[in-house]
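The values are calculated or read from the model by the stated rules, or taken from the named source; none is laboratory data. All figures in this text were calculated on a predicted structure; none of them were measured in a lab. Note that each Cβ is placed from the backbone with ideal geometry, even for glycine, and that neighbours are counted across all protein chains shown.
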Amino acid sequence: MPPKFEAKHGKLRVTHALYVVCLLSLGLLQAIGIGFFAKGFLLSRQVLDFNATCAHDACLAPAFSRAVVLVVDALRFDFAIPVAGSREPYHNNLRFLHELAQDLPEHALLLKFLADPPTTTLQRLKGLTTGSLPTFVDAGLNFDGDVIDEDNWIAQLWRRGSRVAFMGDDTWDALFRPYLAANMSFPYPSLDVRDLDTVDNGVIEHLFPLLAQPQHWDVLVGHFLGVDHVGHRFGPKHSSMRVKQLQMDEILRQVVDELDDDTLLVVLGDHGMTRTGDHGGDSPEELEAAVFFHAKRPFIHRKLPENYDIAFQGRNHRAVNQIDLVPTLSLLLGLPIPFNNLGAPIDELFRPEQLPVAHYMTARQINEYRAVTDILQGDDVINGMYRGLEKMWSNIVGETEDVAAGLAADPAASLAFVEAASVYHHTSLERCRDLWARFDAKLILMGITLIALSLIILTIYARLIPSVVISQMSGEFVTSMLAVLPLGLVVLGAIHAIIKPENLSWAWSLSLGVATAIVLGFFAPIFDRYSLLWLLAQARDLRDWWSLFGALCIVLHVLVFALNSFTIWEDKIITFLLSTFGFLCLVEAVKLTNKTARVIAVYHALVFLALTRAAALITLCREEQGEMCTPTFGLSWWAVALLYVVAIALPLSVRGFMKLTSSYQSAAPFWIGRGLTAVLLLNAFYWTMDFFESGEHFSARFSIDEAVLELAMLTVARIVMGVGLGAANFGWARGPLCIQLEFARDRRATILGYGNVYGASYLLFALNVASVVMLVSKPLGAVSIFILINQLLTLLELFDVLSLRKSLAAPVVFGLLATAHFFSTGHQATLSSIQWEVGSMTTREITMPFTHLNIFLNSFGSYVVVCVFLPLIVLWKIPPSPKPISLVAKAAECCATFAMYQTAVTLSTLVFAAVFRRHLMVWKIFAPRFMMGGIVLVSTTVMIVVVFGFGVGRVVKQMNKIFGK
Amino acid sequence: MARKPVVKKLVSFLDVILEAPHPPTLEPPSETSRSLLNVPIHALLLIWSYFSFGLTRDVAGTMARMIPNLILLQIGYAYVLLSKGKTKRTKKKGRGNDNVLIYASLFVALVASIPIFSVLVLFGSPLYDHLKETYLLALHLSFLIIYPLLVVYQYDLEVWFNLATFNVDSLAQNPVYVSSVAAFVGAWLGVFPIPLDWDRPWQAWPITLLVGSYLGYFVGGVVHYFL
């Protein structure tokens, strides 16, 4: 290698590395910004580890010596009551609870049971045992639930020396393991929602032997998951739902037969389910579960009959909060009420002479809790109410301190006390709900500022300063960042040490220091060279129509989040913008004077339009879209069949695109013709097995052993993941080329594929990643990704013919496509549309990082695919460049422009989530969209760094070695 | 480097040469000067009449029933447009030719509703339902926008090509064209109020697009008047 070339190549390496560092630090800045915003917006509750005791008459005498608590996951209230005239498969199956409550009104009681959102099982179990309100941020931690550190009735039982037997959903095991009797604890994995029966069969297997030996345990907890899994898997309107509910009905009948006189039975649903069978949000269908109490002796003191009206699917039925179970159960079992409880006793379950005592004890516990909680203790209204209660109580009890006599002497006063205490519990709960939805404005503002700064830097970096200059400035950026870093750390560290800001721990202070260093590190060289006016005058981009259109798309997408209705219909709006782009391309294509170019361009524009419309046909409606939206995203035989079509069609269409530049050479036929086809066929095979496993009639007819099927599915999924994420990329790093020498007669040679050396080789890498995304997407999602890849390749041709490579419009349209396919792969910006079940594709149990990776790739697969294809805007269809550094610079500019667009969109979601933090819909619409925006921003930046650092770097360096001088 | 530089120079690859398109100038069919008669006030009247005849109560029915009215007024408008053109133009073609043009174009406009329908679908009109409404919208757009264009620019493909690519020299010379572009922009803007949660009857598909296009058509005429 000549030394001159070596020096040049070395310079290329250094420049590339500096770019990677710059992009990485911008990503870090954004991650810190999102972190600050999230910390301020998703305020977490202060967890107190005090435990209540029975001192000072805080416990009642136990009314029952034993209790059986059976959780039927996703037992919605209307599942448990008769619904006249309904033929839905989820109605009128579980008849037993209501029948028993009708036949024995003093022995059994069925109530509506209101959950606090988020309606995910982990949060519900925490609420049902501690009596506290959940915070929004816990929802994401549903995976690795940690041992609960707040006071709860399971721990209270353990402290008293009672034995708790447990069987069912292993979330309990994660939360309460130390408190459960080890020899009577039977957890089963809960995440694999395909599996409808393992957990339930396990519960049944251990439940009845233990019921027969009540001397071994004091409280028995069973958690059935079947109903919930049927909902996730098939939705409520499926025959499996009837089968499952009838099974639950039968089991509950048997359980009641086994009970002895001194045992309380509680059957409860932890949440409901939406009409699609999911949960997590806060719609009435998800919030309204059922709870049922029963014992062999009369203990229920019902209110007036109109409270228990089951007409209109129980719309007017009396409801209690789920956290009300906590004081109720604790008092009935003679336990102290858990320290953090905010619930109130359920009136029907206490004898009239005991009810005021129960309410008094609860009020005293709530008051104690409030007194030690920083943000609650100063609330004078509530404290005043409590003093009023104390006064009433001492009047009733009198100086004799004989509670029973005092209550008996004045029934009217004790009724009034119950009334006042109920108001107190209720008001206190409402105030807490309000408080915990309170935000830390300083942190929110800091987060928004950091993201806004990163947007400014990206805009200057990507669009205002010419890419040639940026490639020279990269070194300056890195140097000045390193120079300012110690300063930032020291200053923020000092601020932390001296001023001691309330919400800033060491880690947060230092990360703010890092963020400051990054911002200053970028601004110093920029403003050293340029004045603000010069930069503003550089809005050179907006001189042509295409860039104006790109800017218009950014502005419109940013404005979408200003209104809840637009945010709800984001999917349609994005598709509309894409169609508009397609038509503009069509008009522009018709104008081309070169006839070949015109035909090519018109063809691609039409294909792009048709594909965009086709992709928009796949949609998973969100609840708010209501009847205006027809859901099409579901598992069906033709969706699985389409996967086979895709497996054949994708390699063919990619081949077609590559043949345009004659670059379907050497590595390509093997990589795409064989490799990609094989992987896609494996994908199709996986989802076929999944389909067989899900349809009962199929497996019955072919009598496939479930264990074999499961093993086969795991194997296939692991092979595809291993190949697509590992082996194939390792192979690609060795440098496959898509060129071929062809010798003509006259001893001259032609290099086939010379015109697309970078693009063709890079495409192989992009397809590796795309194939994995297609595996973890459900069948119609994979079809959507297939359409996406074709759209991207079509766009690359259009950009080339219409010379749009450098335009602002190119990366923006890529960004729009990513968002459009986020929706058409069966997602919405809601928690309940997360497809948790793909987590168990490669591992049956929750395994970091595979479970998380699957769910991430499933949810944000479209963004991943688009990021991987992004550098092709620059690299596609160009011959080896004599100036590789400027090529790297252009690729970086393109990536940074994409990042700029994503930053603008995410900034808008942050700003509007903050602006509308008091809006009725904040937790339904704005907050989930900001969470999605935050994840998208951070992950696209990470993807860009990977794609630019690994993909672009590899391909440019290799081509420079081969063709460079 | 193993490869000799000579080889590289003989390499062939696909390259598309882009020539700057130079527009053939559009022959204005008439020397239409600014005239209040060219302003399509009837578009405003029509859209107002649709609402008073119950557009919000029965979308498809009203849209279908009102098409004859639209056609009648558009025929009148066509006569106005042609007569304006006639004042200075040599009277090569007689009235008879005009009549043929005006009535034959009705059928062409009817046929043109089909491509407009497919454009609407490509832009995201519902495919599972509301097909009737979408097609009626296509009919309205065709008679409102395409029909006057047909009458004025007749059947010269090159002229139409220039119209479709916004390759028009003097907007002031082409009032109908300005109105038509404005009507399309109006229809494009018409989608934005649909998702709003105001629960108004006029948010029903495709009323906003209909109103947008009619208003656009009128506004285009007004804008042209002041050009």
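Things worth noting here:
- One residue stands out in segment A:782-828 among those that are of a type in the set (S, T, N, Q) and closer than 19 Å to A:Trp546 by Cα: the one that is nearest to the other protein chains (Cβ to nearest Cβ), namely A:Ser803.
- Among all positions in segment A:82-93, there is no residue which is polar (S, T, N, Q) and under 30 Å from A:Ser330 (Cα atoms).
- Segment A:497-538, residues that are acidic (Asp, Glu) and within 18 Å of A:Leu18 (Cβ to Cβ): A:Asp528
- Those residues of segment A:789-821 which are touching a Phe, Trp or Tyr at 6+ places or on another chain (Cβ under 9 Å), part of a loop (DSSP other than H, G, I, E, B) and not polar (S, T, N, Q), in sequence order: A:Leu802, A:Leu804, A:Arg805, A:Leu808
- Only one of A:Leu680, A:Leu711 that is under 23 Å from A:Asn854 (Cβ atoms), buried (at least 19 other Cβ atoms within 10 Å of the Cβ) and either modelled with pLDDT of 85 or more or not assigned by TED's automatic domain parsing to the domain that holds A:Arg233 (or both): A:Leu680
- Residue in segment A:565-579 that is surrounded by the fewest Cβ atoms within 10 Å (Cβ to Cβ), counting only those that are among the polar types (S, T, N, Q) and facing chain B (nearest Cβ under 7 Å): A:Ser565
- Residues that are within 11 Å of chain A (Cβ to nearest Cβ) and outside any helix (DSSP H, G or I) occur in segment B:166-178; there is at least one.
- Any hit, segment A:437-455, residues being under 20 Å from A:Glu893 (Cβ atoms) and of a type outside the set (S, T, N, Q): yes
- Count - residues of segment B:121-144 that are without any contact (Cβ under 8 Å) to a residue 12 or more places away in the chain, in a helix (DSSP H, G or I) and either within 12 Å of chain A (Cβ to nearest Cβ) or buried (at least 19 other Cβ atoms within 10 Å of the Cβ) (or both): 1
- Consider segment A:362-372 and keep the residues that are in contact with a helix residue (DSSP H, G or I) (Cβ under 7 Å, 6 or more places away or on another chain) and surrounded by fewer than 23 Cβ atoms within 10 Å (Cβ to Cβ). The one that is nearest to A:Ala412 (Cα to Cα) is A:Asn367.
- Scan segment A:580-598 for residues that are facing another protein chain (nearest Cβ under 9 Å), in contact (Cβ under 8 Å) with a residue 40 or more places away in the chain and of a type in the set (A, V, I, L, M, F, W, C) and the total you get is 2.
- Being within 27 Å of B:Ser118 (Cα to Cα), modelled with pLDDT of 95 or more and within 14 Å of chain B (Cβ to nearest Cβ) holds for only one residue in A:Ala601, A:Ala610, and it is A:Ala610.
- Scope segment A:498-534; condition outside any helix (DSSP H, G or I) and among the polar types (S, T, N, Q); matching residues: A:Asn503, A:Ser505, A:Ser531
- Which numbered condition B:Ser118 fails, given (1) within 14 Å of chain A (Cβ to nearest Cβ); (2) touching a residue at least 24 places away in the same chain (Cβ under 8 Å); (3) outside any loop (DSSP other than H, G, I, E, B): (2)
- So A:Ala421, is it among the aliphatic types (A, V, I, L, M), crowded, with 19+ Cβ neighbours inside 10 Å and closer than 19 Å to A:Gly131 by Cβ: yes
- Residues in segment B:181-190 that are small (Gly, Ala, Ser) and within 14 Å of another protein chain (Cβ to nearest Cβ) were compared, and the one that is nearest to the chain's Cα centre (by Cα) is B:Ala187.
- Residue within segment A:910-923 that is surrounded by fewer than 23 Cβ atoms within 10 Å (Cβ to Cβ), within 14 Å of another protein chain (Cβ to nearest Cβ), under 19 Å from A:Asp571 (Cα atoms) and not small (Gly, Ala, Ser) present: yes
- Some residue of segment A:472-489 being of a type in the set (Phe, Trp, Tyr), closer than 26 Å to A:Val905 by Cβ and within 33 Å of the chain's Cα centre (by Cα): no
- Scanning segment A:613-637 for residues that are modelled with pLDDT of 90 or more and part of a helix (DSSP H, G or I) yields a count of 4.
- Some residue of segment A:729-738 being surrounded by 12 or more Cβ atoms within 10 Å (Cβ to Cβ) and within 14 Å of chain B (Cβ to nearest Cβ): yes
- Of everything in segment B:145-165 that is of a type in the set (A, V, I, L, M) and in contact (Cβ under 8 Å) with a residue 12 or more places away in the chain, the residue that is farthest from the other protein chains (Cβ to nearest Cβ) is B:Val151.
- Qualifying residue in segment B:146-157 (condition: surrounded by fewer than 23 Cβ atoms within 10 Å (Cβ to Cβ) and touching a Lys or Arg at 6+ places or on another chain (Cβ under 8 Å)): no
- For segment A:871-965, the helices (runs of 4 or more DSSP H) that sit wholly inside it and include 3 or more residues that are under 19 Å from the mean Cα position of the chain (by Cα) and over 17 Å from A:Leu455 (Cα atoms) are A:927-946.
- Screening segment A:458-484 for residues that are in contact with a Phe, Trp or Tyr (Cβ under 7 Å, 6 or more places away or on another chain) and of a type outside the set (Val, Ile, Thr) and picking the one that is farthest from A:Phe898 (Cα to Cα) gives A:Phe477.
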